[in-house]
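Have a look at the structure below, then the notes.
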Amino acid sequence: MRIDVFTLFPDVVDHFCSESLLGKARAVGRVDVRLHDPRTHTSDVHRTVDDAPFGGGAGMLMMAQPLFDAVEAADPPRPLYLLGPGGRRFDQPMACELAEGAGFSLLCGRYEGVDHRVREHLVDGELSVGDVVLSGGEVAACLVIEAVTRLLPGVMGNIDSPVTESFGSGGLLEEPHYTRPATFRGWEVPDVLRSGDHARVARWRHAQALHRTIAARPDLIEARGGVTDDERALLEEFPPVPYP
């Protein structure tokens, strides 16, 4: 998969994408992340990419010309998304959608935003990573790239991970997990996880995922059509593990 990112701070994105699982995926060619700095498409000595808005107002706007020229020179994979708070919400289903394609591109805004002609005539849409305003799109770009890349075949060592984790095929939050030691500061790992009864462990995990999702994200329960009779029995069989 090829992912192009247009940013005034390419080193920020490049450094993030060179670490951990994402860095390994780049190293073996599972994902090709290409960074483009619009400043290289300016003609003045100051490499100007921003200007004051027509009509006045606070802050500066990214100019259309450097962004158009950078994108046209790179001929990036489409769709090309502008990262901003007003766009389509990026979530796990969209990560899966992007992971099924051959590639996509991201444009990182800065300052007070971009010339609106970029939205109208250059990008294919806008993505938001949440109802929050950032100083620029770089952090959001890293989030999108990691969420998509980890879904690509061969990137994660365990092929079941994307299925069983939060927002996986069951539409639930993930259940709690424990590792050694079995007793830590007097807190015990649930007996069922040490029982060796794999079928009962699977039932316990599903019950805990249900408990957690009902408490923290009831909207996800509603989206999957509620709780089945069999799941209600699981909820009665296994009480919830406390969550903060």
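The values are calculated or read from the model by the stated rules, or taken from the named source; none is laboratory data. Since we're looking at a predicted model, the values are computed, not measured. So basically every Cβ, Gly included, is an ideal-geometry build from the backbone, and we count neighbours across all protein chains shown.
For this structure, a couple of remarks:
- Residue within segment 16-35 that is under 20 Å from Gly113 (Cβ atoms), out of contact with any Lys or Arg (no Cβ under 6 Å at 6 or more places or on another chain) and either acidic (Asp, Glu) or at pLDDT 95 or above (or both) present: no
- Put simply, of Met94, Met156 the only residue that is within 19 Å of the chain's Cα centre (by Cα), at pLDDT below 95 and not assigned by TED's automatic domain parsing to the domain that holds Val201 is Met156.
- Qualifying residue in segment 76-87 (condition: in contact with a His (Cβ under 9 Å, 6 or more places away or on another chain) and surrounded by 14 or more Cβ atoms within 10 Å (Cβ to Cβ)): yes
- Unique match (being surrounded by fewer than 18 Cβ atoms within 10 Å (Cβ to Cβ), touching a helix residue (DSSP H, G or I) at 6+ places or on another chain (Cβ under 8 Å), at negative phi and in the same structural domain as Cys108 (by TED's automatic domain parsing)) among Ala73, Ala52: Ala73
- When residues of segment 199-242 are limited to those that are under 24 Å from the mean Cα position of the chain (by Cα) and not in a helix (DSSP H, G or I), the one farthest from Glu174 (Cα to Cα): Arg224
- Test: residue in segment 179-189 that is of a type in the set (Phe, Trp, Tyr) and part of a helix (DSSP H, G or I): no
- Count of segment 117-145 residues which are in a helix (DSSP H, G or I), surrounded by fewer than 17 Cβ atoms within 10 Å (Cβ to Cβ) and of a type in the set (D, E, K, R): 2
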